[in-house]
Structure formats: C-alpha cells, structure tokens
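Asker: One structure coming up, written as structure tokens, with questions to follow.
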Amino acid sequence: MKHRQADDLRERKESASGNSSVKVAEAHFPGDGRLRGRVLFQWLGSSLASDAVIYSDLHWANDPLRTSHNWRIYTTDVLESEVDKAKENCNSLQVILMDLGTRLDGIRVGDRKLYRDPNLPQMDTGNKKRQHFLVLLDNDHPDTYLTCSRIRPRPPTLVRALISAHGVMGYLNLEQRSQLTPTRVHLNITRVTEPVLGGFRIHALPALPPLDNAPHLDRCKEIGGVYNPTGKGIAADAPIPGEQSQDNYAVGDISGKLGYAAAREWDAFLPLLGKHSVILRTFVIYRNGESGIEEPWICSTLMRYIWSEPDYKMPMLTAQAVYRYPLVGRVMFFQPDPYGETTVLVEGLIHADGTSQNTTGEHRWSITVNPPGKDFYNWTARCVSAGPVYNPYKVNVNESKESVVGDLTERLGVLKISGGKKLIRESRALFTDDNIPVTGHNSIFGKSLVIFDDHGPEARGERLACSIISGIFRRKAVAKDWFGNGLPASVSGKVEFFQQTEYGITDIEMNLEGLQNVEHFQIHRTPVLEILEFPCEESTLYEVYNPYQEAPFHSGGTPDQMQAGDLSGKFVTLEGHSSFQQVGLNDTNLMLFGQTAIIGRSIVLHSKSPQRRWACSTIERGYAPTEARELRAIASFHHPLGYAAGYIRMTQLIHSDGSASDTTIEVNLKHPGRHDRNRTLNHNWAIYVNPIGVDATVQVLHTRCTAAGYIWNPYYTQLADPLNDDLYRRECGPDLPLRCYVGDLSARLGTVDMGNGRKVFTDANFPLEGKVSAMGRSIVIFNKDRGSEKFACANIEPDYDTVKYVNIRKPPKFVVSQFLEDVRNIMGVPEWLLTIDSRKTNILYGGACIQLLIHFKGPQANKLEQDFSKLLMTGKLAQPSLYNPGYTPPAKRVTTSSYQLCPTRDATDVDRRKFKFSFRSSATVSTPSLLLMVISFLYAVGFRT
C-alpha cells in the first residue's frame, strides 16, 4: 500500500517552469499532540494560470488507525498581545481564516494524501503581525480542537558543492522548492585544465577530514560508492546515459539521468528532502583513467545554503556523541532549524577494547533520557545510568515504535562496528530523519546515544556502549593583534576565518587598514612571540604553513595546488591597497578543526619593496565571553638541574554547555644551557598519570621521572588485550586518534624535537577540564630517535597571564634585554614566564624613565608579580620566586638589584623640588649667583621639554 501511494505521489509531482512562482508553507506536528507528521501547502502560479495543492502525511503516534477529521485554518488577531501570538497552542485561537473541511472534505490521518484546490487563497505566513494555525477538530466534539500546529513559510532548499581542485573551478547548485517538485540541477564550471572530464555523480558519504603531514590532500577518501538507495544498476550495469527515464538510474548518477552534456535541467529523482536526501553526501567529478575507465577525481561535500542569500551557508545546529570505550568513533547530528530534517552521520565505529578484530553487525541504537554515568565501562549492567529510551511524546511503543524520538533503530536501521580502521568503511553511514530535534523544547542535547549488542555476555547486559550528546559549535579564528617587525606597523583591522564543522568550507573575511606597500599575506607555522623586537622573522615564525607538502605554485592554480597558508596565491594580493575589505572568500583546504587547524599559528604581511616581513599577528580563537571561556595550561621545563629547557603550552575552549574544542599545543624545547645549540630529533612524548617531583633531575635514565607512573589511559583502551603491542600500533595513529591512549601524544601527533625550533599541534583528545582532565598530571619526553627511556618531564599546570605596566628609571646604559635577564636571574624565573610586550615600550620624561608592559605567566603568575614589585621597591629578593624540588640555590646567588621604580610624576619636577630645597637651606649663596642659577636651570628645563 505504501509503495502504491509513493508511486501515485511520484506521478503527481509538478515540474515548475522557470517563469512560475512557487510558494510553500508547512504545518509540522512533532507528536506532542498525539499526531505526528507534516501538512504541506504549495501554491504554483504564473502569468497564465495558478493552482494549489496540499500534501498531508499524518499518523497517530499511539495508534495505527486511519481516521478523517474536519480541519480549519485559524489566524491570530493583530490586536492580540505578543505573548498570545507567541504561543504554540490553540487556546487563544478565535478567528477562522478558512474552513478546509467544506472545501476539500476531511483530512486523512494514517495515510498520505494529496489535495488540490485551484482557488485556495495564498496565506501570508511570513507576516509577524498575524500567525496562521492549522487546526484539526475532534470528531466526537466538533467544536473542540483535537490538535494544532503553526503554519510556517518554508523557503526552497538550496544545496551547493563548490568545485576548486586540480585546476577546475565552479560549482554545482541543486534547488528544490518542496517535496512535491523535482530538483533543478545547475552545473557551472568556469575553468578546466583537464582536456576531458568524465561523468558527474553523487557518492553516499562525505570524505574523511584531512590529516596532518599527509603525502597529499585526498578529498575523496572513504566517500563510499555512488548513492543508490533504490538498488539500480551502476557503472557497466547502468543504462546508457540520457536514453531512459530517470527512475532507471541510481539516485546519485547525475550524468546518467541528465546526460553527459547535462542537456536536461530537472531531476525528479534527486531529493534534497526526505530520507533519501543527498545533503552532506559527496559530489564527484570523474575523469578517464589510464585504463580508459572513469575514476573519481574531484570531490566536494554538498552543503545547505540560504535561498535568499545564496552566497551564505545555512547555519546548522550540530551535536555529536563521541565513543571511547569499548569502541571508538563518532556520530554527528546536523539540523538547520527546530522544524527541519536532521542529517545523521556515523563517521565510523571501531572495536577498541581488544576483544574483537572482526566487524560485527545488527547493533541497535537509541537515544536515552540521561547522560551516562561511570558505568559506561562496567563489566556488568553497563550504561544502565543512561536510562530508558527517550520518548518525550509518551508514545505507546507497542503500537508505534517509529514515533518514539529515541528509537533510531526502528526508523533508520541497525549499525555495524568495524573490526579495525582498515575496515572503517563498513561502519560509516548517513541518514536523514525528521524526528530528531537537535534543538528546541525536546532537544537531544545532554541525552545519551546508546549502542546495543544483543549477542554479548548476559552479565554485561544488552548495552554495549554509551556517550553523552554534546554540541559542536561553529569555529571562528581571528588575527587582529598586529606586531611590527622591528618598527611600529600602521596596520589595523582583522582577518577572520569561519568554519561550521570539519565537513564544511572555511569562509574568510578581511578588513585591513593602514597597509603600506604590502603585497602578500600568508599563514605561517607558529604564533608570534610578543617579547621579540623582530617577531615576524623566519627564525621564529618559519616558512609558510604547508601540512600537505605541496610545492610552491605561483599563479593560476586552485587552492589544493598551493601551500595551505599561501592566502595571496589562492585569492588576491594586497598590492596597491592602503586598505582592503573582502568577504565571501572560500577555502576548501584551510581547516579550523582537526590536526591541520590554523588556530595558534600566525599571519604575516609581506612588503614588496623592500621584500621583507612587515607585520604579523597570531591567529587566535574568536568567541564571546558569554559563549565560552578559554583554558590555558603549561608544562614548564625550567628546573635548574633538569635535562630539558622550554615549555609546552596548551589552550582549549570550553563552551557554555560544557563541550570542548580541540586543544592547541605549542612545543618549544631545547637542551639546558644558555648557549647550548645541540639538536636532537624524534623524541616521543606522552602524558603520564601522576605529577613529578625531584625525580625529574635523577641522572640515571631508567630511574628518571619514575614518580610520573604510567601512561595515561582513562578510557581503558585495549583493556582486554593490553600486552598486544602489535595490535595497538596497528590501530592507533593520526588516522584514528581515539584508538590511542589519551596520554600517547606521539602516536597520534608525531614526535617532537629539542633545539630545533617551535612546533604547533592540534589534538582533539587532550582534555584540560572535566572528569577526565590532563591538568595536574605530567608530560614525559623520551630519549631521541624514538627511544623508550624517559629523558625529561614536567607537570601540567594552569597558565595564567598577569599583565602590569611598570615605569623604571633609565640610566644612560640601560638595555631592556639586560634588565629582563638580571631580574629573571634574581627571581629564578625562566624567560617564557616573564616577558614584555615589545610594542608597548615607551620612553618617558625626556629619557629619564622607560615604561614596560610586563607579562607574568604560569601557575605562579600572581606571586611573580608580587616578587617583581618587591624587588624593584626594596632592591632585594631573599628567595627565588619559583620552588624547584631537590634544588638548593647557591649561597652566592645574586639577591639585590640597582634598578629603581620611576616616580609617577616627571623626573625633572622631582629634580626641581630637590634643588629648591637645597637652595633654601644654604646661607652661603649670594643673591646674584642664585638668580643666575635659577635662570640657567629654567632655561635647561625648557630646552629639554
């Protein structure tokens, strides 16, 4: 019956011509009023004719019965209060706009039904002063409202895939007015370097996000086969392209349905709405391979855009459930608005506890009412704390399991769990569902996503794994705090980057003023150090950021053919501009998520003549204090008897709902000794469970850092087979970081070097807050060349930043760097915990004083500030500011300083007061001599000022 109704509906689909106007409105019944489904109103008009259809798909949430009801459209009164208009219930409705029961007979519940009314007047559903409601009446009590739903305008759906790879530029636009209309396909390719393009197809899945240090950027990785939910023939089994009706081809076979020349414009079997939607799947351009067979070549994810502003992406409400035991993986939920359909992406689920290396299937999955407790790793009664299946509308599960919000198995089917990462394609899947509210009153945020195993041990129970559903927020990065390179830079403004998820494209907006002879702007590898007089040089920021090892490409290429950080090469130069404003730049290869994120790196402005680095700024996270807060931590290697010198700094954003961003890590390590230039490479590094103490300075390698304990593994990865190192090394890696111990940094990020400069990493599995946190533990650096001996270690502690202006007397031979070195030696503080902002240094009072902006950093920042003030006020500091376990400062340690604070008033005023006092206290100075002295002094003061 359902198949026959679907065929009838398909035959009734209307093809809207380019000169016609289609208006759509919808009443959505989520299930809270016993009814579940949608009623669609569609008006089609042109200069020659007009028509209207109503499509209803309503079902009883607790009963399979088929019933018919009288139905009306009510409207609110313009004089009603805004509070009454905002209500989503029927209690205040009094004004009948039209009685649909008398026009079209009763509305069917339990069936899909299409109604036609050529004379149905259009409703102004977008009018804020009046709101329209669809009301169903009770059959037993004709004047009683059974249920109602507000009628909202539904703009057309616009989906776009941007094409910018392998020298090919363009886009694919897919437009669908409603579920009742076909999809309009518009392919626009503006530049092609390949002689012959192959076919155009849509594949089932989005590509996996890129990896750091990959040999090349693969945007077609793990995209599945051609999307084919109807099981039609594909490739050699498909009909000749363009010669048969569209229902004979796979849904994703665009070239088959429209022809290779795209002679047709409309596709009746390419849905953007409903369970077979192509949103978030991959558009693929093929080319002819060496064997003559077509192969995927260029891939781009299909994303929603705003219909009225087609250059802007549709904001998406995004949630995720991340699994860490006994399987690893992630499930993501995307919804454009509270009434839209939700796209569910299963990124891949893989067994991780060591019990199974085979792919398993038939796994049920459900959303449950509570967040998981500590029983997520129990051997018995696992995940019971997650509670029952989420059922906010109190649906009778014995009558209609499909209507239960949390019962995903009934609506979407079962899941698979891969036995290893090479089999990840077996567990990847994508679904579209209209009954998963990511936001709104019945939001799934804070609930659990439970995966079941009906074939597991009885003691454990049927629940295999569970994870809390938390938010994924749009990432914003900004470069706005500019440093001149040796001289003050006149540049102001900012460069901003936006990305919704790692599956989206990064948008760039620029607004710069005060540019002087600037030509290029590029992203470089590391952040700016504020203490340096020349902070933009290659010796500290290094070369252009190039995670995919691309060779320099001068002009005419697409972003994938250039280094990721070469923004001028990819877009536009700044030559000839004193100011520059630009929005709408799209970069397919620049990430704010994942291992290749640009957060924590820097932007450098290059001048043309002379060719030099002119100004630079660190790329920082952009957020409002009401939305999130940034955590900072540091592992400081500063023990005087230690075996490493430097720091590892970490930052992470914590959102208001408790969800966390990736952690940005800056590593800057060298061998101890001011003049030590030794360089050692490929040191493994890890987080260990305990803090360290005096054991960090033990000379014997095998007993050094023993207090740190063992590598941190809070999620019991591979707990069932912990000694199988071959299995662990095979499965853990940058391509599956969740499969690694949380503490195993080198396995998922790579090794670190000592004495070889700074390096920035991004890690999605380095928590700085919560029940599982790295704060208070230790980082261990192992011996060079991937050695297994512990070489150096330091504790992970909060990294505060206390800022203070200080005015210091400036003797004739005063040097800022020497002042800092002297103060650090007395206080026993390393250079990275006490720095200055080189831009804020000012000469005061005609050269008598100098003003510095001091940064006190690290876990003891407040104490450092207090000791610094004490040193300058009293001229001495008896004890070092930092305590180092097992270290006794030498008896001849310098404890005094000759530096003095400068008065808050002009030093010349102070000198003048001293002179007058001495004059008044002296009886030996004659009046003429005194007058001459006063005139000479005043003249000198006036000359200096």
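Asker: Where does the chain land at 222 nm, in deg cm²/dmol rounded to the nearest 500, when only DSSP H runs of n ≥ 4 count, each adding -39500 (n - 2.57), divided by all residues?
Answerer: It comes out at -3000 deg cm²/dmol, rounded to the nearest 500.
Asker: Shifting gears a bit: Could you size up the charge dipole of the chain around its Cα centre, putting +1 on the beta carbon of Lys and Arg and -1 on that of Asp and Glu, and report it in debye to the nearest 20? List each step's numbers first, then the result.
Answerer: Working: 106 positive and 103 negative charges, 644 e Å.
Rounded to the nearest 20 debye, it is 3100 debye.
Asker: What is the magnitude of the charge dipole of the stretch 628-798 about its Cα centre, with +1 placed on the Cβ of each Lys and Arg, -1 on the Cβ of each Asp and Glu, and no other charges, expressed in debye to the nearest 20?
Answerer: With only Lys, Arg, Asp and Glu charged at Cβ, the dipole is about 560 debye.
Asker: Here's another thing I want to ask about it. With a Förster radius of 25 Å, plug the Cβ-Cβ distance of GLU462 and ASN396 into 1/(1 + (r/R0)^6) and report the FRET value to the nearest 0.05.
Answerer: 0.70
Asker: Moving on. If you stretched the chain out fully between ALA268 and GLU362, how much longer would it get, using 0.36 nm times the residue separation minus the C-alpha to C-alpha distance?
Answerer: So the chain would gain 30.5 nm between ALA268 and GLU362.
Asker: Moving on. What is the sum of charges around LYS870, taking Lys and Arg as +1, Asp and Glu as -1, for the other residues whose C-beta is under 14 Å from the C-beta of LYS870? Working shown, then result.
Answerer: On the way: positive: LYS804, LYS863, LYS876; negative: GLU865, ASP867.
Value of the local net charge: +1.
Asker: Now a separate question. Between helix 927-944 and the chain, what is the angle of the helix's C-alpha long axis to the longest principal axis, kept within 0 to 90° and rounded to the nearest 10?
Answerer: It is inclined by approximately 30 degrees.
Asker: While we're looking at this one, here's another question. Using alpha carbons only, how many degrees (0 to 90, rounded to 10) separate the axis of helix 816-827 from the longest principal axis of the chain?
Answerer: Roughly 90 degrees between the two axes.
Asker: Full-extension gain between SER50 and GLN818, please, as 0.36 nm times their residue separation minus the C-alpha to C-alpha distance.
Answerer: Roughly 268.1 nm would be gained on extension.
Asker: Amide H of LEU844 versus every other amide H placed in the peptide plane: which residues, excluding those fewer than 5 positions away on the same chain, fall under 5 Å?
Answerer: For LEU844, whose amide H was placed from the backbone, the distant partners under 5 Å are CYS849, ILE850, GLN851.
Asker: Between helix 861-874 and the chain, what is the angle of the helix's C-alpha long axis to the longest principal axis, kept within 0 to 90° and rounded to the nearest 10?
Answerer: On a 0 to 90 degree scale, this one is about 20.
Asker: Using a 7 Å offset from the Cα along the Cα-to-Cβ direction at both SER788 and GLU290, what is the distance between the two label points in nm, to one decimal?
Answerer: 4.2
Asker: Moving on. Karplus couplings for the stretch 324-335 from phi (6.51 cos²θ - 1.76 cosθ + 1.60, θ = phi - 60°), rounded to Hz, Gly and Pro as x?
Answerer: 10, 7, x, 10, 10, x, 8, 10, 10, 10, 10, 9
Asker: Just subtract the alpha-carbon distance of TYR542 and GLN581 from 0.36 nm times their residue separation and send over the number in nm, one decimal.
Answerer: 11.3 nm
Asker: (i) 113.2; (ii) 52.3; (iii) 37.6: which one is mean projected area of the Cα convex hull in nm² as calculated from this entry?
Answerer: (ii)
Asker: Assuming R0 = 35 Å, what is the FRET efficiency of SER656 and LYS876, from their Cβ-Cβ distance, to the nearest 0.05?
Answerer: That pair, SER656 with LYS876, gives E of 0.15.
Asker: Just to be sure I understand the model, the point goes 7 Å from the Cα along the line to the Cβ. What's the resulting VAL700 to ASP77 distance in nm?
Answerer: 9.2
Asker: How many nm separate the modelled label positions at ASP837 and GLN866, each set 7 Å beyond the Cα in the direction of the Cβ?
Answerer: 2.5
Asker: What net charge do the residues around ASP407 carry, taking every other residue with its C-beta under 12 Å from that of ASP407, with Lys and Arg at +1 and Asp and Glu at -1? Mind showing how you got there, number by number?
Answerer: Working: positive: ARG364, LYS401, ARG411; negative: GLU402, GLU410, ASP433.
Cβ neighbours under 12 Å give a net charge of 0.
We did not get these values from a lab; they are worked out from the coordinates using the rules stated. All values derive from a computational prediction rather than experimental measurement. Because the Cβ atoms are built from the backbone with ideal geometry, glycine has one as well, and the counts that use them run over all protein chains shown.
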